[in-house]
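Read through the structure below, which is laid out as structure tokens, and then see the notes.
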Amino acid sequence: MAEQEDERRFGDHVVVRRHAYVAELALDRPKAMNAVSTEMARSIAAACEHLAADRDARVTVLTSTHERAFCVGADLKERNSFTDADLVRQRPVARAAYTGVLELPMPTIAAVHGFALGGGFELALSCDLIVADRTAVVGLPEVSVGVIPGGGGTQLLPRRVGAARAAELIFTARRLEAAEARELGLVDDLVPEGRDRAEALALAARIAANSPVGLRAAKRALRLGHGLDLRAGLEVEDAAWRSVAFSGDRAEGVAAFNEKRSPQWPGE
């Protein structure tokens, strides 16, 4: 892992750290197992806005400072005190947190251990890749408390595992331990206990060695092309290719290959 360079807090419960070209967005509300309160949702959204504007951040890793949980979802103690009007006012705040992670322009990796339930698992699903250790327990149990997944789960889970599997998991509200989650494709890499953050940061560093312009364009093509018919998807890909074909990164990548050296990406 690259040497840590700096750290910035967003409110009381979110920390952004930089490891060279890798950014780490750490959920840091340990007394509540990272339950997402209104204040914490605002902090996640603000941290994502900051990261989206950081051209030097080539990959973002979403982590947790809690030893036994990634994130247990919405803060139901806070929600229990809400009036209907409070809930209506809070909804766009909550959505901004999940959308903030989902719309980060660079590749994103979630490092999951312990409980990742409800909105917590939706934060992980909002990332491009999920690395989980063997303590991970994931699921979308919202219907068991009278709501539905509202942080993207009904849309993101079927894109990972298919419509019927997603329906079964959402309708039953069941929790899956790490091995089954990996088998069904709810997580991408399964690593030894306690290694999720280290392995996710190592994967991020490998990704970050590549062109930042290329990485962001590839993510755009993957995201925008998903669900389109092939012809439309290829048009999305062509537009992304045109955005990089005449970039400084493309020129440097070709030159470095021919000169048999590591590229020094200009990032433009």
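The values are calculated or read from the model by the stated rules, or taken from the named source; none is laboratory data. What you see is a predicted model, and the numbers here were worked out from it, not measured in a lab. Neighbour counts are summed over all protein chains in view; Cβ atoms, including those assigned to glycine, are modelled from backbone coordinates with ideal geometry. We work out accessible area using only protein heavy atoms, side chains counted, and drop any ligands, DNA or RNA first. Shrake-Rupley method; radii C 1.70, N 1.55, O 1.52, S 1.80 Å.
Of everything in the stretch 213-258 that's outside any helix (DSSP H, G or I) and of a type outside the set (Asp, Glu), which residue is most open to solvent (accessible area, probe 1.4 Å)?
Phe246
Within the stretch 64-100, count every residue that is touching a Phe, Trp or Tyr at 6+ places or on another chain (Cβ under 8 Å) and closer than 19 Å to Asp128 by Cβ.
3
Please give the number of the condition Leu190 fails out of (1) open to solvent by 20 Å² or more (accessible area, probe 1.4 Å); (2) over 15 Å from Ser64 (Cβ atoms); (3) outside any strand (DSSP E or B).
So the condition that Leu190 fails would be (3).
Within the stretch 98-120, restricting attention to residues that are touching a Gly at 6+ places or on another chain (Cβ under 8 Å) and in contact (Cβ under 8 Å) with a residue 60 or more places away in the chain, which residue is nearest to Ala205 (Cα to Cα)?
The extreme case among them is His113.
Would you check which residues across the stretch 94-152 are open to solvent by less than 20 Å² (accessible area, probe 1.4 Å), closer than 19 Å to Arg79 by Cα and in contact with an Asp or Glu (Cβ under 8 Å, 6 or more places away or on another chain) and list them?
Residues satisfying the conditions are Gly118, Leu140, Pro149, Gly151.
Please specify each residue of the stretch 153-175 satisfying the condition of being touching a residue at least 40 places away in the same chain (Cβ under 8 Å) and loosely packed, with under 15 Cβ neighbours inside 10 Å.
Selection gives Arg159 alone.
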